[in-house]
Amino acid sequence: MRYTHPALLEHLASAYVLGTLTDGARRRFERLQRDRADVRVLVTQWEARLGQLAMAVPAQQPSPQLWAAIAARTRPAHTPAAVRAASPSTGWLGWLRPAGFGVGSLAGLTMGVIAASLLFATAPGIFMSSDQVAMRSGEKLPQSYVGLLTDAQGNGKLLISSLRHGKTMALKVIGPITPPATGRLVLWALPANGPALAIGTVPTSGSAVSLLPDTSEKLLSKVSKLVVTLETAATPAGPSETVVFSGNCAKLW
């Protein structure tokens, strides 16, 4: 699986924040976050969105049965046999449970370690992100320019990314954008020295791809700031004073 599709990353980030990812998928996604700044940005955005929903939900008192089930899974040696019998089975993953869980625990643990070792050797993608697998085979993480643009209140609105030596830039709307009554929204790259570079028109929803006149390395290597302005001219010579969104341009390597 290649973690480059925006829809896939959005799905994984939302499921991670909701807590619905399985144990293995969650660990792989956490490793992916450590490697990818753009993924960390997505997680932050989903935490901000869903955190507001959590504040509106009244607190619930866990039932005694829930605590008994947790104890049966985590402290089986101290749990009554009746409770352990009612606890759902963990299947072959039970081999990897801590010692002290009954007869044959040492043999089960040994078999679990052997099985895990074989899986790691034959199918490392189960345990590692695809980018980490690529690094083991001699490849490198994709070097990219990324940026998160926010409004004046600090709300995330636009996520941009472009491969270092690519000639396209992907724009992903991550927050509600009101379409302007007149004109259009234009993304600009502002280098430390030199004129501003118009990247392309910003969509008000979904995603878009802008073609670049040269590679990102040549165009963005000295750009530290990105802005979105409201433009009424067909071909503006430079950004207007109506700045709608702004953010930093970062190097992902």
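According to the square roots a ≥ b ≥ c of the eigenvalues of the Cα gyration tensor, what is the shape class of region 178-253, taking rounded for a/c under 1.5, prolate for a/b larger than b/c otherwise, and oblate for the remainder?
Judged from the Cα gyration tensor, region 178-253 comes out prolate (a/c at least 1.5, a/b above b/c).
Using θ = phi - 60° and the Karplus curve 6.51 cos²θ - 1.76 cosθ + 1.60, what whole-Hz ³J(HN,Hα) does each residue of region 203-215 get, with Gly and Pro shown as x?
These are the phi-based 3J(HN,Hα) values: x, 9, 7, x, 9, 8, 10, 10, 7, 9, x, 8, 5 Hz.
Enumerate the calculated ³J(HN,Hα) couplings along region 151-165 in order (Karplus 6.51 cos²θ - 1.76 cosθ + 1.60, θ = phi - 60°), each rounded to whole Hz, writing x wherever the residue is Gly or Pro.
8, 5, 8, x, 7, x, 10, 9, 10, 10, 7, 8, 4, 3, 10
Here, each number is a calculation from the coordinates, and none is a lab measurement. Predicted model, so just to flag it, every value in this text is computed and none were measured.
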